[in-house]
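Inspection log for the structure reproduced underneath, given as structure tokens.
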Amino acid sequence: MYVCHCRVVNDRQIAEAIACGATDVCAVADACGAGIRCGGCLPTVRSMLAERGLPTDDHLKVADIRAQLAGRYLAADEVSA
């Protein structure tokens, strides 16, 4: 099932990112791109993290995630979007 429609990321890709070591929302975003555009997928990403006993970073907004990933994953135009 698609979780992030902006980045066309499905639940299996998010689960794989978590299985490969993504331990929080920013790490998932860095690994697969989910959660860096509109933020509509963040509740599902957080739920998938919580199911595995990982931090959900409920306080982080999309702008916070983008700021943490700036220069690593995001193109310059996406940071300002």
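Taking segment 1-43 as the search range and keeping residues that are more than 16 Å from Leu60 (Cβ to Cβ) and among the charged types (D, E, K, R), which one is surrounded by the fewest Cβ atoms within 10 Å (Cβ to Cβ)?
Applying the filter and picking the extreme gives Arg12.
Within the set of pairs 6+ apart or on separate chains, which have a first residue in segment 1-22 that is touching a residue at least 12 places away in the same chain (Cβ under 8 Å), a second that is among the acidic types (Asp, Glu), and C-beta atoms under 6 Å apart?
Val3/Asp11
Quick check, is Asp64 assigned to a helix (DSSP H, G or I), modelled with pLDDT under 80 and not aromatic (Phe, Trp, Tyr)?
no
Give the residue, chosen from Thr44, Thr23, that is modelled with pLDDT of 95 or more, touching a helix residue (DSSP H, G or I) at 6+ places or on another chain (Cβ under 9 Å) and assigned to a helix (DSSP H, G or I).
Only one candidate passes the filter, namely Thr44.
The values are calculated or read from the model by the stated rules, or taken from the named source; none is laboratory data. Treat the numbers as computed from the prediction; the structure is a model and nothing was measured. With ideal geometry, Cβ positions are generated from the backbone for all residues, glycine too; neighbour counts draw on all protein chains shown.
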